[in-house]
């Protein structure tokens with residue numbers, strides 16, 4: 001289970017850098033790890049809020065802008081992004097969470113009503129544009145304006161997140177960790193709310209953004225001998241990252257990306273020992 005999860009996180013990174021997992025022989029490894037969670041981006045969980053236990057904090061992600069009060073905000077077009085990969089790269093660079101809005105803009109009555117009463121209001125839109133990367137996953141009846149790539153992507157995302165109805169909202173951190181999943185009832189304008197003032201939905205989004213996990217630093221051993229000693233004491237596997245980055249910009253970039261990947265960092269910190277070995281080139 002651990003190796004399957006780790007392989008999914010690493011993807012193609014092992015082409016230019018090496019990752020070896022060694023099982024400690026001091027004692028049998030536990031059959032299950034109570035701190036380990038299934039990958040919410042693969043499992044299609046329908047639950048509400050999902051959290052990974054907090055680990056060693058380095059610094060919080062970009063702090064959210066306070067929610068607006070009153071009617072002083074100005075309505076602007078929302079900066080929706082269609083391409084999930086572009087949105088995720090921006091989210092990682094800007095250290096902002098993503099909001100995936102699964103909708104059917106031209107035929108679903110609930111989507112149309114939600115867009116009019118909530119999503120297109122200045123109160124919510126101005127705040128959301130500053131605090132999240134907004135990703136619209138649309139399934140319109142008239143899809144002629146969508147490229148083949150976006151249609152294929154939206155189909156894959158529907159399967160990945162087990163979307164059974166629209167509208168559905170998926171909150172993700174920049175590395176794809178599920179923060180929350182809600183539907184129309186949570187986002188809709190409430191009976192006691194004034195027109196263009198979806199305070200309940202705004203407060204909920206503010207809460208999700210403010211409570212997301214802090215950024216962690218990868219915890220590892222300084223060298224291989226000390227790493228072996230550490231994992232034998234706890235009977236957990238050891239992940240050995242082997243790199244040769246001298247005059248190899250591709251490997252350097254992949255290594256830096258991997259060590260910043262919070263899915264990788266959180267997984268290693270909770271399930272394995274870690275050591276990084278730089279394989280030096282022989283002098284010629």
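The values are calculated or read from the model by the stated rules, or taken from the named source; none is laboratory data. Just so it is clear, the structure is predicted and the values come from calculations on it, not from any experiment. Counting neighbours? That spans all protein chains shown, and the Cβs are built from the backbone with ideal geometry, glycine included.
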Quiz item: For the range 205-253, what are the residues that are closer than 30 Å to residue 127 by Cα and in contact with a helix residue (DSSP H, G or I) (Cβ under 6 Å, 6 or more places away or on another chain)?
Solution: 209, 216
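Is there a residue in the range 254-270 that is under 25 Å from residue 92 (Cα atoms), part of a strand (DSSP E or B) and in contact with a helix residue (DSSP H, G or I) (Cβ under 7 Å, 6 or more places away or on another chain)?
Taking the range 254-270 and keeping what is under 25 Å from residue 92 (Cα atoms), we get 254-270.
Adding the requirement that they be part of a strand (DSSP E or B) leaves none.
No, there is no match, as no residue in the range 254-270 is under 25 Å from residue 92 (Cα atoms), part of a strand (DSSP E or B) and in contact with a helix residue (DSSP H, G or I) (Cβ under 7 Å, 6 or more places away or on another chain).
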Quiz item: Out of the range 212-234, which residues are free of Cβ contacts under 8 Å to residues at least 60 places away in the same chain and surrounded by fewer than 17 Cβ atoms within 10 Å (Cβ to Cβ)?
Solution: 222, 223, 224, 225, 226, 229
Self-check item: the range 220-236, residues that are assigned to a loop (DSSP other than H, G, I, E, B) and closer than 24 Å to residue 256 by Cβ
Solution: 220, 222, 223
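Return the total of residues in the range 254-269 being surrounded by fewer than 19 Cβ atoms within 10 Å (Cβ to Cβ) and modelled with pLDDT of 95 or more.
Result for the range 254-269: 0.
Could you list, in sequence order, the residues of the range 73-114 that are part of a helix (DSSP H, G or I) and in contact with a helix residue (DSSP H, G or I) (Cβ under 9 Å, 6 or more places away or on another chain)? I'd like the intermediate steps shown before the answer.
Within the range 73-114, the subset part of a helix (DSSP H, G or I) is 84-94, 109-114.
If the condition is that a residue be part of a helix (DSSP H, G or I) and in contact with a helix residue (DSSP H, G or I) (Cβ under 9 Å, 6 or more places away or on another chain), then 84, 85, 92, 110, 111, 113, 114 are the ones that fit.
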Quiz item: How do the helices (runs of 4 or more DSSP H) wholly within the range 118-205 filter down when requiring 3 or more residues that are at negative phi and buried (at least 16 other Cβ atoms within 10 Å of the Cβ): which remain?
Solution: 122-131, 148-160
